[in-house]
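Asks: First the structure, then my questions, so here it is.
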Amino acid sequence: MFTGIDEVDWASLQHAYGSAEDVPGWLLGLASADPAEREAALDRMYGTVHPQGDVYDSTLACVPFLFALAGNAEVPDRGGIVELLVSIGQESGERGTGGPAESAGRAVRARAEVFAGLSGDADAAVRGAAVGAVVRFVGEPDRVLDLLRERITVERDDRVLIALAESLGRFVRRHPGHSAEALELLVAQSAAPCGPAVRLAALGRLAECAPDRLPSDLVPLAVRLLGERSAARISRPEESEAPGTDTLVGRLRRLRPSDEEGSQLVRTLHRALNDRVDDRIALLEGQLTCPDATDRCNAVWMSAALMREWRADCARLVTLIGAQLGAAQDRLRDAAVFVLTDLCELAVPAAEDLAALVSDRPDLWVRRWGQEVPMLGGPLKALALSGDPRAVPVLAEVLAGPVVPGDLGQTVRHLGRAVAPLVPVVRRGLAEIPLDSPETSARAVPLLSVLGALGDTHSGDPSGGAQEALPDVLRLVRGSLLGPRSGDACVEAAARAVGMFGSAAREAGPLLRGLLNTEYASGAARALWEVEGDATAVLPVLLGDLTGAEPRRRRSAVGALSRMGAQARPAVPALRSLMKSGHPWERATAACALWRIDGDPETVLPTLRTAWAESPDTRGTIAECLVGTGRAGAPLRDLMEAELAGRRRHLALPGRCGSDDIRKDERLLRLCRAAPAHG
């Protein structure tokens, strides 16, 4: 297997972290009798020699030895080695970057006959990996199809039959001129007497490459097959776990779903159905009523993926996710909580189940991870984010406790005016904060953020009923809290809280002015404007942030200038410059600020239209501006009408999985509906 390995000048070759002189040891480790050593060696190959699909000259040098290992029946776990070879050849061929990558792709393709031989190996894992490699690397379509047909005829292992179904789907996409017989084979695999797992795999591949060949009863059939498969799986003894090694491969194995195969089968079907959202919702509803908790857990995560991408009526789906909160399995309950937290107000159909879980499990109200800042527990947070007032008494108990969760302020904003009972609790907490304790900041910041949220939820009353807390906030301001403490987040939090009270907090004006020459000038300037309305004092600070500060402070300055209206006219040249040269988000916010300051939409409308198309992240900001400026924004009404007509969420981009994307999208839709029409 390793003939010639010592003749390679490994020290002159490179991998991801430098010299490849340690690679021969890893190749030898792949043939070790010790399972842990084999796994560690494979881990190093993926993490160092072939990380994230990258190919180095050492990767190319490994190819002959990997083939030798894959072809030796005495080597255990050869399926993983074949998969590594497939990855090297596939990534290299698809990237086409030249150099070692292109050479490695050619080296794998040149030995494709080895994969053809391994497709009949005694080891099922090797056979399963090899049939996929045959489709990828053997260049004779007729011969490939003959081999796949032969393997389907003699194969008895469902895992390999699933791999064969996947290979047939790949064959159809790669060789459309030879697809007719491959499709017939897939159709045959999707029907009895094939087992339920194989049929599900074939249905998924048909949905990808030949949706017209799918049965008319696809959804009920898939749900029934999933149930049959689960019943058979549960009736079999569980396979023993592989050693729990502390390697990348080992960690990934432990993070996989407990039924990875079932998850992949149904996920493939969902991915193939893509924009057939009604069918996907029906399929998920069927999955969520399966008797097997593992199937339901998979369905919860797949529901999250669908709702993050598509706008649809998912009320029944959410109700079924809520029903999982009473499950005995922690994994299923935790998955449901996590998904409902992302849904915000769309979680209302699950509110009864959330409220029951919050009532039954006080131990879940606050989440603590080691030394990190405590956060609200998932069930309580999801209930509050849905806007359910039943969260308020529980939040009051949490606020009265010794530690206030760091995300409480962001959460209570979703409860609207129902949060009024929290004001006395916040006041007591602020009054009890010592001014000379090392824990002052840690205790004050969360309470101040809650206070700010209480004000934000009352548009007609900027203090949101929190006016009574002004003396307690001013106590913090007058004390040592607002001294020049480098990095103290409490300073800006207190400044924001003071600004919330507006002119009622005029006595804090001198203290805020004293901060204008410190690192806290930005927050102090914004608060001073709210308190005194004196543009002369704050404009120099905001202009400095606008032209020379880091992006976060630039964004904050633009927002403050926008609120100042016509009094911010000295900032117009800098805003125009930012509108022309900044990131799309900065261009959009600068344009919105100019509109509010200058009152002239003609100069900014083209910028807003371009930013809307270039960067979906800007759409919420632009829509808010258009709503606020009334009929003057009618020329861009077509953008909002198109948004309302779209089924895909505006932030549903490839590779993106933002936890608040649904909330942002629902807010955008509300703004688009509120925008005035033409005329």
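The values are calculated or read from the model by the stated rules, or taken from the named source; none is laboratory data. Since the structure is predicted, the reported quantities are computational estimates derived from the model, not experimental observations. Positions of Cβ are backbone-derived with ideal geometry, glycine not excepted, and every protein chain shown enters the neighbour counts. Note: areas computed on protein heavy atoms with side chains; ligands, DNA, RNA excluded. Shrake-Rupley method; radii C 1.70, N 1.55, O 1.52, S 1.80 Å.
Asks: Tell me which of these D334 doesn't satisfy, since it passes every other one: (1) more than 30 Å from V450 (Cα to Cα); (2) among the acidic types (D, E); (3) in a helix (DSSP H, G or I).
Replies: Here D334 clears every test but (1).
Asks: Take R136 and decide whether it is in contact (Cβ under 8 Å) with a residue 40 or more places away in the chain, more than 19 Å from L265 (Cβ to Cβ), open to solvent by 30 Å² or more (accessible area, probe 1.4 Å) and part of a helix (DSSP H, G or I). Break it down stepwise before answering.
Replies: On the way: in contact (Cβ under 8 Å) with a residue 40 or more places away in the chain: yes; more than 19 Å from L265 (Cβ to Cβ): yes; open to solvent by 30 Å² or more (accessible area, probe 1.4 Å): yes; part of a helix (DSSP H, G or I): yes.
Taking the combined requirement at face value, the residue satisfies it.
Asks: Follow-up. Hey, can you tell me all the residues within the stretch 45-57 that are closer than 12 Å to V23 by Cα, surrounded by 21 or more Cβ atoms within 10 Å (Cβ to Cβ) and out of contact with any strand residue (DSSP E or B) (no Cβ under 9 Å at 6 or more places or on another chain)?
Replies: Passing the criteria: only M45.
Asks: Which residue, of A73, A33, A61, is within 26 Å of E102 (Cβ to Cβ) and either touching a Phe, Trp or Tyr at 6+ places or on another chain (Cβ under 8 Å) or not in a helix (DSSP H, G or I) (or both)?
Replies: Numbers: A73 fails: within 26 Å of E102 (Cβ to Cβ); A33 fails: within 26 Å of E102 (Cβ to Cβ).
Every option except A61 fails the conditions.
Asks: If you go through the stretch 274-296 one residue at a time, how many are open to solvent by less than 10 Å² (accessible area, probe 1.4 Å), modelled with pLDDT of 95 or more and of a type outside the set (S, T, N, Q)?
Replies: Number satisfying all stated conditions: 4.
Asks: Oh, and also: Would you mention how many residues in the stretch 527-548 are under 21 Å from G452 (Cα atoms), open to solvent by 20 Å² or more (accessible area, probe 1.4 Å) and part of a helix (DSSP H, G or I)?
Replies: Number of matching residues: 3.
Asks: Cβ contacts < 8 Å: first residue more than 17 Å from R199 (Cα to Cα), restricted to the stretch 174-188; second residue open to solvent by 80 Å² or more (accessible area, probe 1.4 Å), any location; separation 6+ or different chain. Result?
Replies: H178/D142
Asks: I want to confirm something. Restricting to the stretch 10-23 and keeping residues that are part of a helix (DSSP H, G or I) and either among the hydrophobic types (A, V, I, L, M, F, W, C) or closer than 21 Å to E83 by Cβ (or both), which single residue is most open to solvent (accessible area, probe 1.4 Å)? Reasoning before the result, please.
Replies: To start, the set of residues in the stretch 10-23 that are part of a helix (DSSP H, G or I) comprises 10-12, 23.
The next check asks that each one be either among the hydrophobic types (A, V, I, L, M, F, W, C) or closer than 21 Å to E83 by Cβ (or both); those that pass are 10-11, 23.
On the way: W10: 15, A11: 56, V23: 0 Å².
By that ranking, first place goes to A11.
Asks: Kindly evaluate L145 against the criterion of being modelled with pLDDT of 95 or more and open to solvent by less than 60 Å² (accessible area, probe 1.4 Å).
Replies: Values: modelled with pLDDT of 95 or more: yes; open to solvent by less than 60 Å² (accessible area, probe 1.4 Å): yes.
It is true that L145 is modelled with pLDDT of 95 or more and open to solvent by less than 60 Å² (accessible area, probe 1.4 Å).
Asks: Run T629 past the list (1) polar (S, T, N, Q); (2) touching a Phe, Trp or Tyr at 6+ places or on another chain (Cβ under 9 Å); (3) open to solvent by less than 30 Å² (accessible area, probe 1.4 Å) and report the number of the one that doesn't hold.
Replies: (3)
Asks: Filter the stretch 297-324 down to the residues that are small (G, A, S), open to solvent by 10 Å² or more (accessible area, probe 1.4 Å) and within 26 Å of E228 (Cβ to Cβ), then identify the one that is modelled with the highest pLDDT. Please lay out each step first, then the result.
Replies: Kept after step one, since they are small (G, A, S), are these residues of the stretch 297-324: 299, 303-305, 312, 315, 322-323.
Filter once more, keeping what is open to solvent by 10 Å² or more (accessible area, probe 1.4 Å): 305, 312, 315, 323.
Right, trim to within 26 Å of E228 (Cβ to Cβ) and you get 305, 323.
Details: A305: 93, A323: 97.
Looking at residues that are small (G, A, S), open to solvent by 10 Å² or more (accessible area, probe 1.4 Å) and within 26 Å of E228 (Cβ to Cβ), I get A323.
Asks: Report whether or not W612 is buried (at least 17 other Cβ atoms within 10 Å of the Cβ), among the aromatic types (F, W, Y), assigned to a helix (DSSP H, G or I) and out of contact with any Gly (no Cβ under 9 Å at 6 or more places or on another chain). Give the steps one after another, and end with the answer.
Replies: Numbers: buried (at least 17 other Cβ atoms within 10 Å of the Cβ): yes; among the aromatic types (F, W, Y): yes; assigned to a helix (DSSP H, G or I): yes; out of contact with any Gly (no Cβ under 9 Å at 6 or more places or on another chain): yes.
Answer is yes for this residue.
Asks: Among the residues of the stretch 325-347 satisfying the criterion of being touching a Ser or Thr at 6+ places or on another chain (Cβ under 7 Å) and farther than 17 Å from E285 by Cα, which is surrounded by the fewest Cβ atoms within 10 Å (Cβ to Cβ)? Spell out how you get there, then give the answer.
Replies: Residues of the stretch 325-347 that are touching a Ser or Thr at 6+ places or on another chain (Cβ under 7 Å), as a first pass: 339, 342, 344-345, 347.
Subset that is farther than 17 Å from E285 by Cα: 342, 344-345.
On the way: D342: 20, C344: 20, E345: 15.
Per the stated criteria, the residue is E345.
Asks: In the stretch 58-74, which residues are out of contact with any Ser or Thr (no Cβ under 6 Å at 6 or more places or on another chain) and open to solvent by 10 Å² or more (accessible area, probe 1.4 Å)? Step through it out loud before you land on a result.
Replies: First, the residues of the stretch 58-74 that are out of contact with any Ser or Thr (no Cβ under 6 Å at 6 or more places or on another chain): 58-59, 61-74.
Those that are out of contact with any Ser or Thr (no Cβ under 6 Å at 6 or more places or on another chain) and open to solvent by 10 Å² or more (accessible area, probe 1.4 Å): A61, P64, F65, F67, A68, G71, N72, A73, E74.
Asks: Moving on to the next point. Take the residues in the stretch 487-526 that are in a helix (DSSP H, G or I) and among the charged types (D, E, K, R), then tell me which one is surrounded by the most Cβ atoms within 10 Å (Cβ to Cβ). Break it down into steps so the answer makes sense when it comes.
Replies: First pass over the stretch 487-526, keeping only residues in a helix (DSSP H, G or I): 489-500, 502-514, 521-526.
Now restrict to residues that are among the charged types (D, E, K, R): 492, 496, 506-507, 513, 526.
On the way: E492: 20, R496: 19, R506: 11, E507: 13, R513: 16, R526: 26.
It comes out as R526.
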